[in-house]
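These notes concern the structure reproduced below.
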Amino acid sequence: MKLLLKFNLVFVLVFVLGLGATGYITRDLLQRNAQDEVLDHARLLMEKALAVRGYTSGQIAPLLETQMKYSFLPQSVPAYSATEVLATLHKKYPDYAYKEATLNPTNPRDRAVEWEVDIVNQFRNTPAQTEFVGQRDTPSGRSLYIARPIQIKDAACLRCHSTVDAAPKPMVDRYGPANGFGWNHNEIIGAQIVSVPMAVPLERANRAFSVFMTMLTGVFVLIGLALNLMLWKLVIQPVSRLSKIADRVSLGELEAPEFTARSRDEIGTLADSFTRMRKSLVQAMKMLDT
């Protein structure tokens, strides 16, 4: 097996192993970064919902307190305001969603569906858990969701949700007596759930991965070509010439041309050694002839 072939086999093996390891690590890193980006978007929406809730309960509800005695205004309910604000965002970005999924809601639109019920029950079974992050398949693609429990920590909420008799009559007239009652203090009755699409960040990560791997492959190929050229010009070609001259000398052709090497590297040293050996051989042959 020739030296150039051996070198290329070793180089290709190192190239494949290095490219595979680099590709695995890079892809995993880009995928993680994409998921972190999606998670940051989800948490930003969650914080926006919490901000709307706080603004409604702190500034809007007190202004509507008098009117609430005569007619129920859902705009005074923090959950309603947060849902309405993020529903506006949902119209422009339909893959982004926010819902206050509740097991027994006053407003039927907030009723938890099957997969949301599982999340709420998980919070109820593990009260110490304050956040849950997961992924699910949707018709528009893979989606990441972040959920936080809705717990009745403010006893004032029970004025509307403890019993039908204790609830404001305008609210009962609007939503009926069948839903949104029987809540207890410190009970987890639902979950705030924000869903964010993963398609765009993952596609961006895959595109970056493809560009990176293409460039890395190109760099390896250029390095391989450069090393092959250097190996051929600096080692294989001089050694091949020296080998041919050595063969001619070994067959008694003492008039074979001398091998000259301008380099001062190992090939030059080898050429000098061969020249000295050839001179010694010529002198020895002349002495035998005399």
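Couple of notes before you dig in:
- The test for being at pLDDT below 90 and either under 28 Å from Leu3 (Cα atoms) or exposed (fewer than 14 other Cβ atoms within 10 Å of the Cβ) (or both) does not hold for Leu225.
Conditions (1) in contact with a strand residue (DSSP E or B) (Cβ under 9 Å, 6 or more places away or on another chain); (2) free of Cβ contacts under 8 Å to residues at least 40 places away in the same chain; (3) under 20 Å from Arg174 (Cα atoms), marked per residue:
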position	(1), (2), (3)
Thr26	no, no, no
Glu47	no, yes, no
Ser57	no, yes, no
Ser81	no, yes, yes
Val85	yes, yes, no
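- Selection status of Met68, under 30 Å from Val133 (Cα atoms) and either touching a Phe, Trp or Tyr at 6+ places or on another chain (Cβ under 6 Å) or assigned by TED's automatic domain parsing to the domain that holds Ser143 (or both): no
- Qualifying residue in the range 89-99 (condition: at pLDDT 85 or above, of a type in the set (Lys, Arg) and either assigned to a helix (DSSP H, G or I) or over 21 Å from Phe181 (Cα atoms) (or both)): yes
- Here the condition is being surrounded by 10 or more Cβ atoms within 10 Å (Cβ to Cβ) and modelled with pLDDT under 70; of Ala261, Ala199, Ala208, it holds for Ala261 alone.
- In the set (1) more than 24 Å from Glu37 (Cα to Cα); (2) in a strand (DSSP E or B), the condition left unmet by Arg148 is number (1).
- Evaluating Pro170 against the criteria (1) closer than 24 Å to Lys48 by Cα; (2) of a type outside the set (Asp, Glu); (3) part of a helix (DSSP H, G or I) leaves one unmet condition, (1).
- Summed over the range 190-215, residues that are farther than 19 Å from Lys48 by Cβ and outside any helix (DSSP H, G or I) total 1.
- For Phe72, the conditions (1) assigned to a helix (DSSP H, G or I); (2) hydrophobic (A, V, I, L, M, F, W, C); (3) over 27 Å from Arg142 (Cβ atoms) all hold with the exception of (1).
- Residue in the range 130-149 that is over 30 Å from the mean Cα position of the chain (by Cα) and not aromatic (Phe, Trp, Tyr) present: no
- Filter result for Ile236 (within 30 Å of Arg27 (Cβ to Cβ), assigned to a helix (DSSP H, G or I) and outside the structural domain of Pro78 (by TED's automatic domain parsing)): no
- Residue in the range 43-55 that is farther than 30 Å from Ala79 by Cβ and surrounded by 11 or more Cβ atoms within 10 Å (Cβ to Cβ) present: no
The values are calculated or read from the model by the stated rules, or taken from the named source; none is laboratory data. The model shown is predicted, which means the values in this text are computed figures rather than measured ones. Note that we place each Cβ from the backbone using ideal geometry, even for glycine, and neighbour counts take in every protein chain shown.
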